[in-house]
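First up is the structure itself, then whatever we jot down about it.
Please treat every number below as a calculation from the coordinates, not as lab data. Note that the coordinates shown come from a computational prediction; the quantities given were computed from them, not determined experimentally. With ideal geometry, Cβ positions are generated from the backbone for all residues, glycine too; neighbour counts draw on all protein chains shown.
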Amino acid sequence: MNNLSKIVYNNTLWVALLAWILAQAAKIIINFLLERKWDFRLLISSGGFPSSHTAIVSSLSISIGKTQGWDSGLFAIAVVLAMIVMYDAAGVRRAAGNHARVINYLVEWTRQLQADRLADNLQQERLKELIGHTPFEVFGGAILGCAIALIF
């Protein structure tokens, strides 16, 4: 079996990608239920419920545990990777989103004041504010990812 065939038939890879796709699709559906409009940009965006980053690493971890053994080194690596991704999503990236929100507010406030030349020099685009996750969004991604891996 050549390398391409091995990739094509790698069930662990496809289960993880399925979890990511379903998490991204869930964002579109949830947004439609809440906002009553379809927003397909959510398919490629970060942030929101459920965390697709968490879903993909959770399903990867469970798939590896099922196929390689719960006591394998690969499972341990996958779990540690998942923990880092989840911490980053709910911690570092969420804090960066909060910082972006404050910076956007300050830029807009300065533009409205037009108190000095600084307002004229602020030509930047708005920073993306929704880049991280709440703990609930991370938890939702973990549940989804684990469920997908256990089912498939």
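So here's what we get for this one:
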read-out	value
P(r) tail fraction, the chain - alpha-carbon pairs more than 18 Å apart, %	65
Radius of gyration, Dmax [the stretch 30-86; alpha carbons; angstrom]	15.3, 46
Close Lys-Lys pairs in the stretch 3-151, where close means Cα under 30 Å and separation is 8 or more or interchain	5
By average C-beta atoms within 10 angstrom, highest first, the peptides 56-69, 100-113	56-69, 100-113
